[in-house]
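Remarks on the structure that follows.
The values are calculated or read from the model by the stated rules, or taken from the named source; none is laboratory data. Please read all numbers here as calculations on a predicted model, not as lab measurements. Glycine also receives a Cβ, built like all others from the backbone with ideal geometry; neighbour counts cover every protein chain displayed. We work out accessible area using only protein heavy atoms, side chains counted, and drop any ligands, DNA or RNA first. Shrake-Rupley method; radii C 1.70, N 1.55, O 1.52, S 1.80 Å.
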Amino acid sequence: MAAQAPTDELSKLSMSDAANTNGKPNANTATGTNGNLNHDDDDSDDDAEEAAAAPAAGAAKKKKKRKPKKKKKAPTEQSDPPRVLISQLFPNKNYPKGEESEYVGENRYRTTNEEKRHLDNMNSEFLTDYRHAAEAHRQARQWAQKNIKPGQTLTEIANGIEDSVRALVGHQGLEEGDCMVAGMGFPTGLSINHCAAHYTPNAGNKMVLQQDDVMKVDIGVHVNGRIVDSAFTLAFNPRYDPLLEAVKAATNEGVKQAGIDARLGEIGGAIQEVMESYEVEINGTTHPVKSIRNLNGHTINPYSIHGSKSVPIVKTNDTTKMEEGDVFAIETFGSTGNGYVHEEGEVSHYAKRGDASKVDLRLSSAKSLLNVINKNFGTLPFCRRYLDRLGQDKYLLGLNNLVSNGIVESYPPLVDKKGSYTAQFEHVS
């Protein structure tokens, strides 16, 4: 989910993907036998003599063996669409680690020093939740990349992704508080063409994905508040390939430059250099690819998608360093337009502010809605469709009141100039 840069400073960041591995639990079969020994009693001596003369095998019927009951095997493959729990595919919680980069320079001792490696491993229990969320994200993302096609409505696309995520982590989010255990880290962003970020369909949206569209797909998955934020861009016309290649390469460069003690402004410079080395020809006109200078990567905190640090995607004088324990979303945006976005359009994304002061709300609908938000989302971002799922209605007046009182933050769509095309790629690091 994009973080908008302050006007005086640019910062933002993205992250890495999870790996491809399936655990295969052993299935045991239970066996059982049930024998019945039948004796025919008769008072006659003749029968007794005949029985005595008969072979011993005739005195007892052979035991009948029942076929062993087979235990239902645990699933070892994902379904299509994804509906098998990640925890069933990895019953021992040995989730894939994803892509790992070696420490460089002064941080190399973190790899070579055995004691430091041991201490790092002791402090990495929180990674289990991150890897769980990352694997759910990877499987939902791969399904989406394979199945999203022109002609589908944005609502159909969003629901398909979100239904998959909820099924993979095993939390549908319909019971009070269930959304906060695991599920969507934020609403699925489906931003098209000159719209760069923060667009998801509200109820009644009829927009249909077209063959010539460029769509950013931004997905958030969380487990116990550990949010994995990763995005990709889909285009069905090959003329947009250079734009997508530029942004993907820039994101990968940002991930490569990230690490403990790396300076955020220098990372932005490296991202910009790669991004702006590309150009794209559209309808006979050549457009330089520009970094969108007021969008950034960002740190991620538990249950909070935007932390206090931002990673710019252009060179700045920001000397802030990445520190041990930071979790960053490295995300970059490229544009054929101005390389600068502004807010425009109907709001769909919201989040309760973590620093909101206590306000004496006078509107009863605002009080009621705030109670729903606290119990179901906390500070996790949500959208109107999520409130609809919970059975809320006629909530807009109360929602706007919460926004005007500074309790809830609204995130309008972010757009470049009309007629331009934007792309986004993002990974967590």
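So here's what we get for this one:
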read-out	value
Local net charge near residue 186, Cβ-Cβ under 14 Å (Lys/Arg +1, Asp/Glu -1)	0
Rounded Å value of the spacing that divides the Cα centres of the range 166-196 and the range 261-303	27
Gyration tensor verdict on the range 152-272 (Cα atoms; rounded if a/c is under 1.5, prolate if a/b is larger than b/c, oblate otherwise)	oblate
Shape call, the range 203-291: gyration tensor on alpha carbons, a/c limit 1.5	oblate
Ranked by how many other beta carbons lie within 10 Å on average, peptides 212-218, 414-420, 288-294, 228-234 from highest	228-234, 288-294, 212-218, 414-420
Long pairs among 93/309; 256/315; 146/290; 149/248; 97/146, criterion Cα-Cα beyond 26 Å	93/309; 146/290
Proximal charge balance of residue 288 [Cβ under 10 Å; K/R count +1, D/E count -1]	-1
Rounded percent of accessible protein surface that carbon and sulfur make up, the range 121-180, 1.4 Å probe	47
Net charge over other residues, Cβ less than 14 angstrom from the Cβ of residue 211 (K, R count +1; D, E count -1)	0
Chain lengthening between residue 208 and residue 97 when straightened (0.36 nm per residue, less Cα-Cα)	36.3 nm
Protection proxy ranking of 348-355, 133-140 - average other beta-carbon atoms within 10 Å, highest first	133-140, 348-355
Gyration tensor (alpha-carbon) shape descriptor, the range 234-382, a/c threshold 1.5	oblate
